[in-house]
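Heads up: the structure comes next, in structure tokens.
The values are calculated or read from the model by the stated rules, or taken from the named source; none is laboratory data. Here the structure is a predicted model, which means the values were calculated and not measured. All Cβ positions, even for glycine, are placed from backbone atoms using ideal geometry, and neighbour counts span all protein chains on display. For accessibility, only protein heavy atoms count, side chains too; no ligands or nucleic acids. Shrake-Rupley method; radii C 1.70, N 1.55, O 1.52, S 1.80 Å.
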Amino acid sequence: MSTIQDISAFLQKGRSKNVKALVQQALDENEDPKVILNEGLLAGMMVIGEKFKNNEVFVPEVLVAARALNAGLTILEPKLVEIGNEPVGKAVIGTVKGDLHDIGKNLVAMMLKGVGFEVNDIGVDVAPETFIEQAESMGADLICMSALLTTTMPNMEATLNLLKEKGLRDKYIVMVGGAPVNEKFAEQIGADYYTPDAATCAEVAKKAVSER
């Protein structure tokens, strides 16, 4: 197996130390950083995403794979910056105001990174103004909002309303998700997309940004 294939294989097993060492080895072997990213790290994460969607792996496996992805990225990112590698898009993601749940959000953030997005995870209990400020400052394509409590879901609508007030609604693709959220609610509040899981969210996000 090549070093690149090893990176993908160890990432799927969540072996951060191996991934880190192999990324460094690949760089030492003068592999193209973009190939290391796309065919090693991201390819491995895509396999995990697909398995997660098919209930072949579960949240713990995804989180350890994501940790391995991040470990590899810490070595690779300086090189990608050096060669000017463009992300597929930029996303701001957070859990809405009043809600402190973050596992779902973290999974989505990892999956978005896994398909090549630059992700700004702004945490939990995020006010509508903050979503917009952060999206504006990073030049985001996507605003992703998560909620696990029915009582905090209205804050998704509040963010969309504020975007309209500021004349910024058409500037962003707005995605919503979380256990109590569904397609109907997303339509009601005027979000662009609702997805039922993290892997689907990443796929839809990538497609939506490429079609803009």
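Report, to the nearest 10°, how far helix 3-12 tilts away from the longest principal axis of the Cα atoms in the chain, using its own Cα long axis and a range of 0 to 90°. Approximately 50 degrees, to the nearest ten. Rounded to the nearest 10 degrees, the inclination of helix 128-138 to the longest alpha-carbon principal axis of the chain is 40 degrees. Ligands, DNA and RNA left out, the 1.4 Å accessible surface of the chain is 50% carbon and sulfur atoms.
Axis angle, to the nearest 10 degrees, between helix 103-114 and the longest C-alpha principal axis of the chain: 50 degrees. Site pair Val204 and Ala179 shows an inter-label distance of 2.0 nm when each label is modelled 7 Å from Cα along Cα→Cβ.
A full extension of the chain between Glu133 and Asn55 corresponds to an added length of 24.4 nm, given 0.36 nm per residue minus the alpha carbon distance. Spacing of the modelled spin labels on Glu82 and Gln188, each 7 Å from Cα toward Cβ, amounts to 5.3 nm. Per-residue extension of 0.36 nm, minus the Cα-Cα distance of Ile103 and Arg67, leaves a gain of 11.6 nm for this segment. Equivalent-ellipsoid semi-axes for the stretch 101-212 (Cα gyration tensor, √(5λ), whole Å, largest first): 18, 17, 14. Note on the stretch 43-142: Cα-only Rg and Dmax are 14.4, 41 Å.
When ligands, DNA and RNA are left out and all protein chains stay put, how many square angstrom of accessible area per residue does the stretch 51-195 have with a 1.4 Å probe? Normalised by residue count, the accessible surface of the stretch 51-195 is 46 Å². Centre-to-centre separation between the Cα atoms of the stretch 1-56 and those of the stretch 85-99: 23 Å. Packing, taken as the mean count of other beta carbons within 10 Å per residue, orders the peptides 50-56, 120-126, 11-17 from highest to lowest as 11-17, 120-126, 50-56.
Just the Cα atoms of the chain, one point each, no solvent: what log10 I(q)/I(0) does Debye give at q = 0.16 Å⁻¹? Calculated log10 I(q)/I(0) at the listed q: -1.00.
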